[in-house]
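A.B. asks: Have a look at this one before I ask anything.
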Amino acid sequence: MKWRALNYETYEEAVENYKPEERWKVFDGTPEKFNIAHECIDRHKSGVAIRVKFSNGETESYTFKKLSTLSSKFANMLKESGIKKGDRISILLEPCLEFYTAFFGALKAGAVVVICSPLFGYEALKYRIEDSKSKIVIIEKEFEKMIKDITHSLNIEVILKEDLLDIIEDKDNNFEFTTSANDEAIIQYTSGTTGLPKPIVYKHKSLVTFTPTAKFAYGIEEGDRFFCTSPLAWGHGVWGGTLAPLIIGVTTATRSGKFIPEKVLEAIEEFKVNNITLTPTAVRMLLSNQNFEKYEISVEKLTYTGEHMDMDTFWEVREKFGVYPYGLYGSTEYGPILANFAGFKNWKIKPGSLGKPYPGMEVAVIDDDGNVLPPNSLGDIAFKKRGKWVRIGDAGIVDEEGYFWYKGRSDDVIKSSGYRIGPEEVESVINKHPAVLESAVIGKPDKIRGQIVKAFVRLKPEFKPSEELKIEIQEFTKKNLSKYAYPREIEFIEEIPKAMDGSKIRRKELRMRELEKLKGCIYE
C-alpha cells in the first residue's frame with residue numbers, strides 16, 4: 001500500500017501546503033470508527049509484518065495474516081472474559097509472537113495496553129499495575145512469583161506467555177472492533193528524575209497524529225525494510241519502531257532480549273535493512289564493535305532520537321554506514337516537534353542541529369516571560385498549542401536559517417557569573433579527552449558565581465583517577481570550549497546515572513547529591 005497523502009517532495013512544499021486533516025486520507029478509518037490494530041495489521045492482506053532477532057541469534061517472522069488472526073482470537077477471549085472498552089491490560093514481555101498477539105488483540109478489543117519493561121523491578125511494576133488499575137497482567141512464568149502478591153491482593157488475572165496461544169486456540173478468527181479515534185489505546189509511564197512516574201495516555205487517533213513523523217522524518221516508503229533497536233516499553237520502540245512502518249504495510253524488525261551489538265548487526269545484514277532508527281547510545285555500541293566491517297550493511301536512511309548525538313559519532317556514522325544521521329526531537333508528553341527530515345529529498349543537514357519544525361507547527365526559542373528571542377539567543381524551546389506557548393523543558397537556540405540547536409535541559413542550564421551554560425556542550429568536549437569514557441555536567445551552588453560547573457567523569461578502564469588528570473581535563477576543556485564553561489570541579493565516578501532505557505543522563509539525581517552534601521550550609 002502506497003502513501004495516500006503527504007506526498008511532498010520538499011520541506012518547503014510541505015510547509016506551504018500541508019494541512020493536518022490530510023493525515024486521515026492515509027487510513028481506512030474515520031474519527032467515528034478507528035482502531036490502531038485494524039490500520040496497522042488487518043487491512044494489509046499479505047507479507048511479513050514483523051521480524052524479531054533474539055539475543056540467542058534465532059530469528060522469527062510474523063505475517064500480517066497471522067497477527068490479524070491471532071489478535072482477533074485474543075480480542076474474542078477478552079470479550080468472553082468480561083473485559084470492556086477502556087479496561088487496562090499490562091504486558092510485561094520482550095518482543096515475541098505472544099507480545100504482538102496480546103498488544104494488537106487488546107487494542108482491537110478496545111482495551112488499553114500498559115507496556116511494561118521486563119527490566120522493571122518489583123516496585124516499578126507494582127506502581128504501574130496498581131496506578132493503571134490493570135485487570136489482566138501478561139508475563140513470563142519467571143516473573144509470576146515476583147508479582148504474585150500484587151495480582152492476588154488486587155484480584156488481577158495473570159496470563160502466562162507460555163499459556164497464551166493455547167488459551168486462545170479455539171477462539172473465533174474474526175473480530176469487529178467498535179473503537180473510535182478518541183478512545184484510549186496505550187499508556188506509557190515517563191521515567192522522570194524525581195517523583196513517581198507519570199502515565200501518558202495515547203488514544204487511537206495518536207496513530208494519525210504520528211503519521212507525519214513516519215513519512216516526513218523517518219522517510220518510510222513502500223518497499224522499505226525497517227528496523228528499530230529500542231525496547232517496546234519506550235515510545236520510540238512502539239510508535240516509531242512498530243506502528244509507524246506498519247501504517248503502510250512496511251515490514252519492520254526489532255531485537256528481543258539483551259542488546260548485543262553483534263546480534264543487532266547480524267539482524268541488519270540478515271533482514272537487508274535499508275531504513276533504521278535508533279538512539280545515539282545504540283549507534284555508538286554498534287560502531288565500536290570490532291567486527292563492524294565484516295557485515296554487509298546497505299542502510300539508506302538512518303534516524304536517531306532520545307539524546308543528542310556528538311559530532312564524533314555523527315561523522316563516524318557518515319563514514320561507516322555511508323549516510324548522514326537524521327535527528328528527531330520531541331518528548332513523550334508532546335510528541336515530535338523538530339526534525340532533520342529524511343523524507344524530503346532536498347533536506348540540508350546541519351551537523352549537530354535539531355533541524356526545523358514539523359510542517360504545520362510553530363516552534364520558537366522564548367525567554368522566561370514568553371517572549372520570542374532573536375536568533376542565537378539561549379532560551380527555552382517551545383511550541384504553540386491553542387494559541388499558547390508550551391515549553392518542552394529544553395534550552396536551545398535557533399540560527400538565522402531556522403535550524404534549532406539543543407543546549408541541555410532548561411532546569412539543567414548552568415548560570416555562572418552571568419553566563420548561561422548548556423551542560424551537554426561541556427560534556428561533548430570533556431568526552432573527547434582520550435581518558436574519558438563519558439561524563440555528566442551539572443551546576444553546583446557557589447557563593448561567588450551563583451553556580452560553578454561540576455563534572456562527573458567516568459574514565460576508560462586503562463586510566464586511573466588522579467589530581468593531575470583532573471587538571472588535564474580542565475585545561476583540555478578550557479582550550480576546546482571556553483574559559484568560563486570549564487569544570488571548576490571534577491569528581492571521578494564509576495557509573496553515570498541514567499534513565500531506565502539508558503537514553504538520558506539523570507542530572508537531577510547528581511544535583512540532589514550535591515545539595516545533600518551542602519545541607520546545613522548557606523547554599524541549602
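Derivation of every value follows stated rules applied to the coordinates shown; laboratory data play no part. On a predicted model such as this, the values are computed, not experimentally measured, just so you know. Please note: Cβ atoms are built from the backbone with ideal geometry, for glycine as well, and neighbour counts cover all protein chains shown.
A.B. asks: Go through 451-463, 364-376, 432-444 and give me the packing order, highest mean Cβ count within 10 Å leading.
C.D. replies: Answer by packing, highest mean first, reads 432-444, 451-463, 364-376.
A.B. asks: Using only Cα atoms, what is the ratio of the radius of gyration of segment 43-100 to 2.2 N^0.38 Å? Don't jump to the answer; show the numbers that get you there.
C.D. replies: Numbers: Rg = 13.6 Å, N = 58, 2.2 N^0.38 = 10.3 Å.
With N residues counted in segment 43-100, Rg over 2.2 N^0.38 Å equals 1.32.
A.B. asks: Just to confirm my numbers, what's the Cα centroid distance between segment 294-367 and segment 414-456 in Å?
C.D. replies: Distance between centres, Cα-based: 25 Å.
A.B. asks: Which of the pairs K407/K432; K348/K388; K203/K272 have their Cα atoms more than 22 Å apart in this structure?
C.D. replies: Values: K407/K432 18 Å; K348/K388 30 Å; K203/K272 33 Å.
Over 22 Å Cα-Cα: K348/K388; K203/K272.
A.B. asks: Also, I was wondering about something else. Could you calculate the FRET efficiency of D28 with E123 from 1/(1 + (r/R0)^6), where r is the beta carbon distance between them and R0 is 45 Å, rounded to 0.05?
C.D. replies: The calculated FRET efficiency here is 0.60.
A.B. asks: Can you flag which of K483/K504; K19/K504; K25/K85; K444/K478 are past 29 Å Cα-Cα?
C.D. replies: In this structure, K19/K504 exceed 29 Å between Cα atoms.
A.B. asks: Using Cβ contacts closer than 10 Å as the measure, can you line up C40, C228 from fewest to most? Write out the running numbers ahead of the final one.
C.D. replies: Working: C40 25, C228 29.
Final ranking by Cβ density, sparse to dense: C40, C228.
A.B. asks: Of P95, V114, T178, which is farthest towards the positive pole of segment 63-204's charge dipole, taken about the Cα centre with +1 and -1 on the beta-carbons of Lys, Arg and Asp, Glu respectively?
C.D. replies: In segment 63-204, that residue is T178.
A.B. asks: Continuing with the same structure: Using only Cα atoms and rounding to the nearest 10 degrees, what angle (0 to 90) does helix 311-320 make with the longest principal axis of the chain?
C.D. replies: Helix 311-320 sits roughly 50 degrees off the main axis of the chain.
A.B. asks: Using label points projected 7 Å from each Cα along Cα→Cβ, tell me how many nm separate N173 and K84, to one decimal.
C.D. replies: Result: 3.2 nm between the two label points.
A.B. asks: Run through segment 93-200 and list the trypsin sites (Lys or Arg not before Pro) located in a DSSP loop whose Cβ has at most 11 other Cβ atoms within 10 Å.
C.D. replies: Answer by residue number: K145.
A.B. asks: With a 10 Å Cβ neighbour count serving as the proxy for reagent exposure, in which order, fewest first, do M309, M1 appear? Numbers along the way, then the final one.
C.D. replies: On the way: M309 22, M1 12.
Fewest to most other Cβ atoms nearby, the residues stand as M1, M309.
A.B. asks: In deg cm²/dmol and to the nearest 500, what is the mean residue ellipticity at 222 nm of the chain if only DSSP H runs of at least 4 residues count, each as -39500 (n - 2.57), divided by the residue total?
C.D. replies: Helices in the chain give a 222 nm mean residue ellipticity of -7000 deg cm²/dmol.
A.B. asks: Run the numbers on the chain and let me know its relative contact order in percent, using alpha-carbon pairs under 8 Å that are six or more apart.
C.D. replies: Working: 1064 pairs, mean separation 57.2, N = 524.
Result for the chain is 11 percent.
A.B. asks: Using 7 Å Cα-to-Cβ label points, what is the E12/M311 separation (nm, one decimal)?
C.D. replies: 2.8 nm
A.B. asks: Pairs K79/K133; K45/K345; K263/K350; K385/K508; K2/K384; K33/K65: which exceed 24 Å Cα-Cα?
C.D. replies: In this structure, K45/K345; K263/K350; K385/K508; K2/K384 exceed 24 Å between Cα atoms.
A.B. asks: Considering only DSSP beta bridges whose two residues both sit in the chain, what percent are antiparallel, to the nearest 5?
C.D. replies: Details: 47 of 82 bridges.
Bridges in the chain that DSSP calls antiparallel: roughly 55 percent.
A.B. asks: Moving on. Could you give the dipole magnitude of segment 413-517 about its Cα centre, charging the beta-carbon of Lys and Arg +1 and that of Asp and Glu -1, in debye to the nearest 20? Walk me through the numbers before you get to the answer.
C.D. replies: Values: 23 positive and 18 negative charges, 100 e Å.
Dipole size: approximately 480 debye.
A.B. asks: Here's something else I'd like to know. Got a sec? Which residues in segment 198-219 would a label at E130 touch, if it sits 7 Å along Cα→Cβ and we count backbone N under 17 Å?
C.D. replies: 198-199
A.B. asks: Something else about it: Quick one: angle between helix 261-270 and the longest Cα principal axis of the chain, in degrees between 0 and 90, rounded to 10, please.
C.D. replies: In the chain, helix 261-270 runs at an angle near 50 degrees to the longest axis.
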